[in-house]
Amino acid sequence: MNDEKILNALAPCGLNCEKCYAHVDGEIRQYSRKLKNKLGNFAAYAEQFATLLDDPIFKKYPDFQAMLDYLAGENCKGCRKENCKLFKNCGVRSCHQGKDVDFCFQCNEFPCDKTNFDVNLQKRWVAINERIRQIGIEKYYAETRDKPRY
């Protein structure tokens, strides 16, 4: 695996941008687009199915369709190419650029309180960076590339 590919996949915080629902080349977006295509004009039938099958779940189809449209439409190129579209208040990108480090664990101030992450994501961020420090970036990427982000 080439280092540039890994750097484009992993954000400076260590999260895998390609696993994010918003990533332009991510599987979530790709599968959402495929599912939208496979469903075609299903909305026209969902209401009928609610009556025919006596199942009210089909009345919720417009909400499902809106969510699917949202997931299929996102197009973030990743945190190393643009500001994060998921965490608009993320403090990591600007900090890492100012410090000229690839990952947070490489900074002498790590861990810090500059991320603007909530408590749960802050804990996850520390654990991810400690793991990268322990096994290296390539092994971490290999270890996590097939695991879901969420």
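Let me know the charge dipole size of segment 25-73 about its Cα centre in debye, to the nearest 20, where only the beta-carbon of Lys, Arg (+1) and Asp, Glu (-1) is charged. Kindly include the intermediate steps, with their values, before the conclusion.
On the way: 7 positive and 7 negative charges, 38 e Å.
My answer is approximately 180 debye.
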> Which lysines, on any chain, are close to Lys34 with Cα under 21 Å apart, when same-chain ones fewer than 8 places away are left out?
Replying inline: Lys19, Lys60, Lys77, Lys147
>> Restricting to DSSP H runs of at least four residues, report the calculated mean residue ellipticity at 222 nm for the chain, -39500 (n - 2.57) per run over all residues, nearest 500 deg cm²/dmol.
In response: -15500 deg cm²/dmol
>> Output the 0 to 90 degree angle, nearest 10, between the alpha-carbon long axis of helix 43-52 and the longest principal axis computed from the alpha carbons of the chain.
In response: 60 degrees
> From the residues Leu10, Leu71, Ala46, which one has its Cα farthest along the dipole of the chain in the positive direction, the dipole being from +1 and -1 charges on Cβ of Lys/Arg and Asp/Glu about the Cα centre?
Replying inline: Leu10
> Under unit Cβ charges (Lys, Arg +1; Asp, Glu -1), what dipole magnitude, rounded to 20 debye, does the chain have relative to its Cα centre?
Replying inline: 120 debye
> Using Cα atoms only, what is the angle between the long axis of helix 27-39 and the major principal axis of the chain, expressed in degrees (0 to 90) to the nearest 10?
Replying inline: 10 degrees
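Classify segment 25-73: rounded, prolate or oblate, from the alpha-carbon gyration tensor (a ≥ b ≥ c, eigenvalue square roots; a/c under 1.5 rounded; otherwise prolate if a/b is larger than b/c)? Walk me through the intermediate numbers first.
Values: a/c = 3.20, a/b = 2.44, b/c = 1.31.
Note, shape of segment 25-73 comes out prolate.
Taken together, the values in this text are just the output of simple stated rules run on the coordinates, not laboratory data. Bear in mind that the values here come from a model prediction, so they are computed numbers and not experimental data. Ideal geometry is used to build each Cβ from the backbone, glycine not excepted, and the neighbour counts take in all protein chains shown.
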